[in-house]
1. Output the residue which, of all residues in segment 530-561 that are assigned to a loop (DSSP other than H, G, I, E, B) and basic (K, R), is farthest from N505 (Cα to Cα).
2. Identify, from the list G582, G567, the residue that is in a loop (DSSP other than H, G, I, E, B), crowded, with 20+ Cβ neighbours inside 10 Å, of a type in the set (G, A, S) and at pLDDT 95 or above.
3. Among L337, L357, L332, L342, which is assigned to a loop (DSSP other than H, G, I, E, B), among the aliphatic types (A, V, I, L, M) and more than 16 Å from ligand 3 (Cβ to nearest atom)?
4. Can you name every residue in segment 550-587 that is within 25 Å of V525 (Cα to Cα) and among the small types (G, A, S)?
5. Given the criteria within 16 Å of ligand 3 (Cβ to nearest atom), outside any loop (DSSP other than H, G, I, E, B), in contact (Cβ under 8 Å) with a residue 12 or more places away in the chain and surrounded by 19 or more Cβ atoms within 10 Å (Cβ to Cβ), does C421 qualify?
6. Take the conditions loosely packed, with under 15 Cβ neighbours inside 10 Å, more than 16 Å from ligand 4 (Cβ to nearest atom) and under 26 Å from D405 (Cβ atoms) and apply them to G361. Does it pass?
7. Of the conditions (1) more than 19 Å from the chain's Cα centre (by Cα); (2) crowded, with 19+ Cβ neighbours inside 10 Å; (3) within 23 Å of L357 (Cβ to Cβ), G459 fails just one. Which one is it?
8. For segment 438-447, how many residues meet the condition of being within 16 Å of ligand 1 (Cβ to nearest atom) and surrounded by fewer than 24 Cβ atoms within 10 Å (Cβ to Cβ)?
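The values are calculated or read from the model by the stated rules, or taken from the named source; none is laboratory data. This one's a predicted model, so the numbers in the text were calculated from it and none came from an experiment. Ideal geometry is used to build each Cβ from the backbone, glycine not excepted, and the neighbour counts take in all protein chains shown.
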Amino acid sequence: PKNGRGNPRLRFEGLPPGDSDAVEVPKGYEQEVVISWGDPVLPDAPEFDFENQTAEAQAKQFGYNCDYVGFVPLDRGNGYGKGGRHRPQRALLYVNHEYTNEGLMFRGYSDDTATEEQIRTAMEAHGGSVVEIERVGRTGQWKPAGGERPFNRRITGTTPFEITGPAAGDELLRTEADPSGTEVLGMLNNCSGGTTPWGTFLSGEENFNQYFVNADSAPEDVREKLARYGMTGGEEGRRWNRVDERFDLSKHPNEANRFGWIVEIDPTDPEAKPRKRTMLGRFKHEGANPRITDDGRVAVYLGDDERFDYMYKFVSAKRFREGSARHNATLLDTGTLYVAKLSGNSPAEEIDGSGALPSDGAFDGVGEWVALCTDTESFVEGMSVAEVLVYTRIAADKAGATKMDRPEDFEPNPVTGKVYCALTNNSSREPGQADEPNPRGPNKHGHILEITEAGNDAGATEFTWDVPIVCGDPEDESTYFAGYDKSKVAPISSPDNLTFDEHGNLWISTDGQGKLEINDALHAVPMHGKYKGELKTFATVPLGAECCGPLITEDQKTVFIAPQHPGEDGTAEEPQSTWPFGDFPRPSVVAIWHSKGKDIGC
Ligand code: FEO
Ligand code: CA
Ligand code: CA
Ligand code: CA
C-alpha cells in the first residue's frame, strides 16, 4: 500500500523555505485561522478591543502565544472513509498560552513604565484555553462552536490550582498566603504538553524563572537552589511583584517552588481546579507525553529545556483503567521518577564535535533510566522525596545524568513504539564537550534522538538509542538524515514540538530557523522503512513566529499548528508581522486540511 506501515511515504509536494508573512501550505491544501488572541472564550467575554484591552476582558478571551495544541473529540461522528475511522463533528481544543509579548500587545509599552492594568492583562493572557470547536461541513476545517459551550474555560496566571502528589503540603511549598502548601495561583510559561489516554491534558511549566525578582537578596540558604533554576538577578524584566508581592523572592522565596510543574487539566470538568503533579518533578518542563507500559501502567516522558539539562521518565505505580476517570485521576501521584543516563558505543576520540560519523557509522549506544525517587522513597543521598521532587535538577546532577542539548518535546511512534526527543540546539557546547548523544559542539541546529526501550516496553529501565537526524542545511556536512540522499531533503533547524501521524511519520515544528535565514516551519519525515529520513516541509509560518502545535487529528484529516509570537522582533508601533489580519500580529491556532479530503501528508 502506498502509505502502508511497511514503507510510509509522504506524498505531498514539499514547500521551499518560507520567507513570507503568512502560513504557507502545500499544493492541494487549505489553511484557516481557528481562533486568535482576544477572541471570546467565555460566554460573557467582550469583543476584542486592541486599543483598550483590560485584564477583565482578557480573563475571558483567548490568551497570547499558543504552544501545545490538544484535541479531544466530543462525539464519535460517522464512520468515515477506509477503516471506518470516527469523524467527530465537535471537539475540545486545548491550547497553552506560554507567555506574552507586551511590546506587541500594548502601544508604547516598556517594562519600566508598565501600568498595573497592563501587568494584570499580561497575567490573564498566560495559562491555557479550552475551546469547543466544530467541523466545517465535511472538511478538515474547524471553527469555534456555536450554541452552548459548557466546557469553554480560561486558565490564567491567577487561577487557583491544587498541588498534589508526594511534595504537596511540604514545607518547601508553603508560603505566607498558602500555609497549607497545597494551593497556588496560576500556571506560567506553559510550553508544550500531552494528552492522556483518559482524556486529560498535560501542560509543562517551562521558563517560570522570568517572573520572579530579587533572587540575589533571597535568604542565603536558598540562593544556590534558585540559581540552579535560573533565578539569580535583582529587580528586572517583567517585575510582576509590582502588582503581586509573591513574585519577590526576597520576601517569598518558596513561591518559586510552586512553579515548574506538570499540570493536569480535565477539560470535561470546568469547575475542577487543575492539578500541579509534584510526582513528575520540578524543572523547566517542555512537555509530557504518556505511553502505556506492557503491564498497563502509564509512563510519561519529560524534557527539561535547558542547555546541559536532562531527560526524565515517570512510571506510575498503578495501572490505567479504561473508563474509570476517578481512578485515572490518581495515576500521576504515585510511581517512580527516573532520569536518563546515556553512553555511546564508539571510542570517545571519534566524536570530535564536528558531526562527522564515528567509524561504526552511527551516533548510538545504550542508556538507563536511573530512579531518583518513588512517592515514598528517595534514592538520592541526602535528599528527601520532597526535596528530590522540588529540586529535581539537583537530584539529577547527583545521579550523574547525561547533559543534553536542551531536551524539548518527546513523542512515541504509534507504529514502532520507539520514542523520540527533540534536542533543539546548544550554542554553549564546546567541541570538547561533544559526546555521542550530543555529537556537535557547538550545536547550532539541534538533532533528534531515538530511544528504543528494552523489550519495547515503556516501563523498562534500560534502552538503546541513536541519532537519526542531525539538523541544519543539508549542504552542511555535519547534518545527517538517517542516511537518506541529502540532495532530496529540506533544511531544518531547532526542532521543538513533535507529533506523529498514524503511519509513523514524524512531524517536527521548529523554533529557530532564523539561523538559516528562513521562517520557522512544520516538517514531516518517515521514521522507518525505505523513505526514512526523507524530510520535507509541510507548512511555513509568518515572520518572527515559531511553529507550535502540531496536532494531527485521529481521523488524519486536520493538522493544527500554532504560529507563536508572530512579529516578535517588532513593536506595536513598528510591526514586523501583521499576520493574520493585516493590522497587528495576533498569535492564533490554524487548521490545515486537504481540499479533497485526503489524509494529511498523503
Ligand atoms: Fe517553550 Fe522549550 O520551548
Ligand atoms: Ca556509535
Ligand atoms: Ca518548545
Ligand atoms: Ca522552543
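1. Of all residues in segment 530-561, those assigned to a loop (DSSP other than H, G, I, E, B) come to 530-535, 541-545, 553-558.
Then keep just the ones that are basic (K, R); that gives 530, 532, 557.
On the way: K530: 12, K532: 9, K557: 15 Å.
Top of the filtered list is K557.
2. It is G567.
3. The match here is L357.
4. Listed by number, the list holds a single entry, A562.
5. Numbers: within 16 Å of ligand 3 (Cβ to nearest atom): yes; outside any loop (DSSP other than H, G, I, E, B): yes; in contact (Cβ under 8 Å) with a residue 12 or more places away in the chain: yes; surrounded by 19 or more Cβ atoms within 10 Å (Cβ to Cβ): yes.
Yes, satisfied.
6. On the way: loosely packed, with under 15 Cβ neighbours inside 10 Å: yes; more than 16 Å from ligand 4 (Cβ to nearest atom): yes; under 26 Å from D405 (Cβ atoms): yes.
Yes.
7. Only one criterion in (1) more than 19 Å from the chain's Cα centre (by Cα); (2) crowded, with 19+ Cβ neighbours inside 10 Å; (3) within 23 Å of L357 (Cβ to Cβ) is unmet by G459, namely (3).
8. Qualifying residue count for the region: 0.
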